Structures are given as structure tokens and as C-alpha cells.
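Q: The following block contains the structure, expressed as C-alpha cells.
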Amino acid sequence: MKTKGHRTEGSRYYPKRYDFDPAMRNAILDEGLVCHVAFQREEQPIIIPTGYCRVDNTLYLHGSVGSHFFMEMAKGIPVCVSVTLLDGLVLARSVFNHSMNYRSVVAFGVTRLVESDEERWMAAERFTEHVVPGRWADARKPSASDMKKTMFIAVDIQDASVKFRAHGVGDDPEDMQLDVWAGVIPLRLNAQLPEADESGIPNIPLPEYLTDYHR
Ligand SMILES: Cc1cc2nc3c(=O)[nH]c(=O)nc-3n(C[C@H](O)[C@H](O)[C@H](O)COP(=O)(O)OP(=O)(O)OC[C@H]3O[C@@H](n4cnc5c(N)ncnc54)[C@H](O)[C@@H]3O)c2cc1C
């Protein structure tokens, strides 16, 4: 179902950069950690960055029950959610043809307050596992009071598009003889060596699931 006022059939600019196959969309959503949620607060459009996870065709967000942002979403409002993965800087010989390699999703849906205990616990576990696979089995589970302080919001995706750029420099023929370095600087989200918090029990060995953390 198309949401009023937007187009997800892509733009006439670089139509080849669009992909509507849910598989690519889901792969980007599963690699990303932060989304931006756009919604209207009275006359003011607002975009809030927040963590998320995907379960099938639904995005789950979690936050404090005291958060204005979450209380707003609990009313069931139309939102646009975007996730961007930056893969590289494209340095052409001309400034005009500089670009970026990226993969991005723009998704539309209406928020839904998650009310059933079953779905709330599922969302809590999937969110934790999305950020750090293996962590749910290791960390202390949320207490009844933790869960009472946490709101879960679901966004069932009604419509979405993927846009991506994943190639090299696209210079104009007349610039190819310029004595200017051109190429791509690949970018990756790299985890550094984990730094232990020694304020509790010291020298707890690094869990296996953290020895090679990557997205
Ligand atoms: C990487 C990342 C991950 C996050 N993950 C979560 C999460 O999982 N759950 C969660 O509840 N929150 C998360 N946050 C915080 C989130 O962005 C909001 O700050 C919070 O949810 C909004 O709380 P609120 O209702 O108090 O804000 P509101 O009352 O809605 O915000 C009031 C005003 O504060 C300003 N504001 C709010 N948030 C931000 C922001 N992040 N940066 C700059 N200005 C801001 C805006 O102008 C907004 O109009 C995350 C933020 C970042 C950057």
C-alpha cells in the first residue's frame, strides 16, 4: 500500500540505484545499528536517531516510558524510518563527480505500541541480539521493573525502498587526462579491541562472542 504523498518506486535520477527486493532491504536493516525516525509534531517535522532491530517485516524500537518521543509513537502515528550504511568516499578528478558509496533504506509505516508480554520479551531479546549476537544468553535478563520502565514500539513496514551506490569513479571523458589522483576510500564500521569495565569482578575472560565483533 502506498503511503500518501511519497514515492517508493524510486526517483528518475539513477533509477538503477534503486532496489525493491526485500532481501536487500532486510540485509541493510540487519547490518545497521541506528535508524532515523521522522514524524510530524504539530507543524514541526522532527527526526530522532534511535536504535532498532528488524523481525520479519517489522522494526522494533525501545525507549523509556517517560520519553516524549516514545509516548508520541505510542499513539500510532505515521513515520518514515531511514537507515544508512556508508561504504566509501568516491574521489573523482572533478569535484562535480565526487560521490559516496552507500546502502540506504527508506521505510514507511504506522507505529504500534507493543502490549503483549510475549511480543515485548521477544523484542527485548531480538534487540539485544541484533546489537551483540550472543549477549542475551550472557547478560542479566530484564527484571519486571526494567520491563515496566521500557516501552516497545513496532513499525510494521508498509512500503520501503533501497538505494545504493557501489562502484568506482564516474568521471567525464574530458577529465580523464587530468593529473589528479582519483579513486575510492572504502569505509567500514570497525570494532576496536573491547575495553573491560574492571569496576565489578576483575579479570572476567572476554566472552567468545566478543572476540570477533563485527557488523
Ligand atoms: C546512536 C543513538 C542511539 C539511540 N538509541 C536510543 C534507543 O534505543 N532508545 C531511546 O529511547 N533513545 C535512543 N537514543 C536517544 C534518542 O535519540 C532520543 O534522544 C530519545 O529517544 C528521545 O527522548 P525524549 O523523548 O526525551 O526526546 P524528545 O522530548 O522527543 O526531544 C526533545 C527535543 O530534544 C532534541 N533531541 C532529542 N533527541 C536528540 C538527539 N539524539 N540528538 C539531538 N537532539 C535531540 C530534539 O530537538 C527534540 O525535539 C539514541 C540516540 C542515538 C544518537
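The values are calculated or read from the model by the stated rules, or taken from the named source; none is laboratory data. As the structure is a prediction and not an experimental result, all values here were calculated from the model. Using ideal geometry, Cβ is built from the backbone for each residue, glycine included, and neighbour counts are taken over all protein chains shown. All accessible areas refer to the heavy atoms of the entire protein, side chains included, with ligands and DNA or RNA removed. Shrake-Rupley method; radii C 1.70, N 1.55, O 1.52, S 1.80 Å.
Q: Being more than 12 Å from the ligand (Cβ to nearest atom), part of a loop (DSSP other than H, G, I, E, B) and touching a residue at least 60 places away in the same chain (Cβ under 8 Å): is that true of Arg93 here? It would help to see each step written out before you state the result.
A: On the way: more than 12 Å from the ligand (Cβ to nearest atom): yes; part of a loop (DSSP other than H, G, I, E, B): yes; touching a residue at least 60 places away in the same chain (Cβ under 8 Å): yes.
Spelling it out, Arg93 is indeed more than 12 Å from the ligand (Cβ to nearest atom), part of a loop (DSSP other than H, G, I, E, B) and touching a residue at least 60 places away in the same chain (Cβ under 8 Å).
Q: If we keep just the residues of segment 143-173 that are touching a residue at least 40 places away in the same chain (Cβ under 8 Å) and polar (S, T, N, Q), which is nearest to Ala92 (Cα to Cα)? Write out each step before concluding.
A: Applying the first criterion (touching a residue at least 40 places away in the same chain (Cβ under 8 Å)) to segment 143-173 yields 148-172.
Retained after the next criterion (residues that are polar (S, T, N, Q)): 150, 158, 161.
Values: Thr150: 47, Gln158: 38, Ser161: 27 Å.
That would be Ser161.
Q: Moving on. When the residues of segment 1-46 are filtered to those that are exposed (fewer than 14 other Cβ atoms within 10 Å of the Cβ) and of a type in the set (A, V, I, L, M), which remaining residue is modelled with the lowest pLDDT?
A: Met1
Q: Turning to a different aspect of this structure: I'm trying to understand the selection: among the residues of segment 26-45, which are within 10 Å of the ligand (Cβ to nearest atom) and without any contact (Cβ under 8 Å) to a residue 12 or more places away in the chain?
A: Gln44
Q: Quick one: is Leu59 in contact with a strand residue (DSSP E or B) (Cβ under 9 Å, 6 or more places away or on another chain), over 23 Å from Glu129 (Cβ atoms) and not β-branched (Val, Ile, Thr)?
A: Values: in contact with a strand residue (DSSP E or B) (Cβ under 9 Å, 6 or more places away or on another chain): yes; over 23 Å from Glu129 (Cβ atoms): no; not β-branched (Val, Ile, Thr): yes.
No, not satisfied.
Q: Check off (1) modelled with pLDDT under 95; (2) more than 16 Å from the ligand (Cβ to nearest atom) for Phe69 and give me the number that stays unchecked.
A: (2)
Q: Among the residues of segment 96-118, which ones are within 16 Å of the ligand (Cβ to nearest atom) and outside any strand (DSSP E or B)?
A: Of all residues in segment 96-118, those within 16 Å of the ligand (Cβ to nearest atom) come to 111, 113-114.
Matches in segment 96-118: Val114 only.
Q: For segment 128-149, name all the residues that are within 19 Å of Met71 (Cβ to Cβ) and open to solvent by less than 30 Å² (accessible area, probe 1.4 Å).
A: Met147
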